[in-house]
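To keep things clear, I will list the structure first and then write my remarks on it.
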Amino acid sequence: MFKPVLALMNRARYLQKFAIILAVFMLPFCWLALDKLGGLYRELQDARDELQGLAVIEQYLPLYSSSLGLVGLQLVGQARESSELAAVINEQQQHLMLVARALNARLEDTSLAAYRVDENALASQAKVRGDLPVGILYAELLQGRPEHAARLRRIARDTHLSQDRDAEVGRAVELLLGTALPLYQALYQTRAFASYVTAYGYLESASRTSILGQAGDLEPFAQVPAGAEQARALIGEAAAQARDLYQQTIIAGYAASAYYDEDSTALWAERWQAYAPLIDRLDSATQLLLDDTAAILTARIAARERTLLGWGAALLLVIACLIYLFVGFYLSVRGSIRLITDATCRLADGDLRHSIRACARDELGDLAGDFNIMRERMRALIVEVVQFSDATHGKATQVSATASHSQLAATRQASELELISTAMVELVGSVQEISRSSHSTSDRASHASANCKDGGAKINRVMGSIDALFAELDESITTIVAVERESQEIARVVEMIRSVSQQTNLLALNAAIEAARAGEQGRGFAVVADQVRSLATHSQGLTGEIDGTIERLQREVGNAVRRIRCTHDRAGEVVHQARLAAEAFADITEGMSVIVQHNLQIAAAAEQQAAVVESVERNTREIRTLSGATRVSVDDMVRASDEVAELTGGLHRLVGQFKM
């Protein structure tokens, strides 16, 4: 059953354990304490909300009263039109707006901000017909105004005033909302009816029922039970006096049929002011109710604040005491645990000189006593181990020194053999490298000899090609020389043609002259002579062009002959150099053959030497293997002796760590 909590406590440190226990104990207590404080705070806040709602109602009542007064004046205005009445209505309208602005400023930034008054709705006036009965006319004028009475009841409901459990507060709120508010409307309606009839001067038949029945609306408020409180008595007095005044001034005078008082039309203001003391008395009654209720709520708020502070201080004191006790318990346990922990740490460091001096008389004190007994027994045991360790350490040191000398000798022998083996391996590698190099050199020399032979053959082929080129160049020179001779012959022929054309031109000129001398008979001959002269002139021009072409041909042929001869000379030099290269390739080929023979002899000698060195290297390797086995045995012996010495030395050091 206790496995889960044991598992938790075994894994947690003491601080965590105390924190868990404190949290498990304190969380429900703190939750209950906070719940209690929350309940007290809610009650305090409810009382504050009720007081705030009462203050809003107190400031709202003047608005309600002014609004009813404005409706009454507007009703009187339906009976009589005068500048004086208009001024009074305008003044009442401005007063109503001032009261509304003050109320809206009071409601701003509060939880009752939704009950702010629409000033535009207050400034508007309902459009009504003047021929309606006075009761209907008043109802329509009143209907055009905001429902302030309903708002006052909602404010009382939202701020819990109407649901207050205090009987006095409940009676006061009920008297205010259920009696005072309806009486306000009844008083202002009575005041409006009285002023309306006075201003009108005549009680018409359509309004008779409403006017004569108004006194009955005041009757319920005038009934005051015996032993009623002061506010209720004031309300009853105001209602009774209003009823009596209305009966005396209105009902008694205008009850007779067709009664008309022309002189009373100007007395409406006096009639209006006659009801002001009654409304003031009702205001006094409501103010008395508000003051009494405010006093009760203020006393309740003060009492609940004191209760909240008392509970908070008591809970904080209890929590502080609990935390103080838990901290003291934790510090007590932590002190004993710290002494045991410090002693254990010193024991772990090898210090056996200190014992635990615990002041606790609980289980931790018993644990400290058992620890001191264990320390004394461990101290005696370690003293014996120190004596045995000293004796064993001396013997192990001697054995280790002897084994170390043997190891050094074996190490030197193994080092020398290692050097010899390494030298033999390097020698074998060098000989094998020489043999490989000799074979490689021989192969390369053979390849070079073959390349030289191939190069000589290629040079011979090149020389043959050059000889053929020489022959072709000689033929080209012969051909070009022949072309040059033919061009000279063509030039000679062209010169002869030029001479013939010149002579033909002269003959044609002479023939033309003779034809001119012959006159008419020689005209045909003159025409022929002109044609012949034209042909001779044209032939002479063509001959000049041919002569120019032949001259250019001769120049180009001369240039070609010079170039071919230059090429012929250079080709001769190339042939000479090629012959020298062929002779050099022949000498190189002969030398490479000699090098190949010598390399083959060196490779054979190197192979024989490598076989001898490999045999020596195998023998050296066998000796090194035997020396290695000997060295391993010596190393094992040295290692074992060193381990024994180290173990005894370690044991001595470990035992030496303990401080007796």
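Some observations on this one:
- Only one of Val557, Val527, Val574 that is farther than 30 Å from Ile490 by Cα, modelled with pLDDT under 75 and of a type in the set (A, V, I, L, M, F, W, C): Val574
- Test for Leu44: is it at pLDDT 90 or above and either assigned by TED's automatic domain parsing to the domain that holds Ala276 or assigned to a helix (DSSP H, G or I) (or both): no
- Among the residues here, Ala113 qualifies as touching a Leu at 6+ places or on another chain (Cβ under 6 Å), modelled with pLDDT of 85 or more, surrounded by fewer than 15 Cβ atoms within 10 Å (Cβ to Cβ) and not hydroxyl-bearing (Ser, Thr, Tyr).
- All positions within region 292-317 that are buried (at least 16 other Cβ atoms within 10 Å of the Cβ), hydrophobic (A, V, I, L, M, F, W, C) and more than 14 Å from Leu34 (Cα to Cα): Ala294, Ile296, Leu297, Ile301
- Residues in region 552-575 that are free of Cβ contacts under 8 Å to residues at least 24 places away in the same chain and either of a type in the set (Lys, Arg) or more than 16 Å from Ala471 (Cα to Cα) (or both): Arg552, Arg555, Glu556, Asn559, Arg562, Arg563, Arg570.
- Test: residue in region 357-380 that is closer than 27 Å to Glu643 by Cα, crowded, with 16+ Cβ neighbours inside 10 Å and at pLDDT 70 or above: no
- The residues in region 224-256 that are under 13 Å from Gln214 (Cβ atoms) and at pLDDT below 80 can be counted, and the count is 2.
- When restricted to residues that are touching a residue at least 60 places away in the same chain (Cβ under 8 Å) and hydrophobic (A, V, I, L, M, F, W, C), region 74-104 contains 5.
- From the list Val638, Val632, Val594, the lone residue that is out of contact with any Asp or Glu (no Cβ under 9 Å at 6 or more places or on another chain) and at pLDDT below 70 is Val638.
- Those residues of region 461-503 which are more than 16 Å from Gly544 (Cα to Cα) and either among the hydroxyl-bearing types (Ser, Thr, Tyr) or in contact with a Pro (Cβ under 8 Å, 6 or more places away or on another chain) (or both), in sequence order: Ser465, Ser476, Thr478, Thr479
- Counting only helices (runs of 4 or more DSSP H) that sit wholly inside region 80-194, those with at least 2 residues that are more than 27 Å from Leu245 (Cα to Cα) and either of a type outside the set (Lys, Arg) or not assigned by TED's automatic domain parsing to the domain that holds Pro220 (or both) are 83-107, 119-123, 148-158, 167-175.
- Tyr64 touching a Lys or Arg at 6+ places or on another chain (Cβ under 9 Å), in a helix (DSSP H, G or I) and not assigned by TED's automatic domain parsing to the domain that holds Leu290: no
- Assessment of region 499-520 against the conditions (out of contact with any strand residue (DSSP E or B) (no Cβ under 9 Å at 6 or more places or on another chain), loosely packed, with under 15 Cβ neighbours inside 10 Å and outside any helix (DSSP H, G or I)) yields at least one matching residue.
- Scope region 188-238; condition more than 21 Å from Leu142 (Cα to Cα) and among the small types (Gly, Ala, Ser); matching residues: Gly201, Ser205, Ala222, Ala226, Gly227, Ala228, Ala231, Ala233, Gly236, Ala238
The values are calculated or read from the model by the stated rules, or taken from the named source; none is laboratory data. For clarity, every value in this text was computed on a predicted model and none was experimentally measured. All Cβ positions, glycine included, derive from the backbone under ideal geometry; neighbour counts span all protein chains shown.
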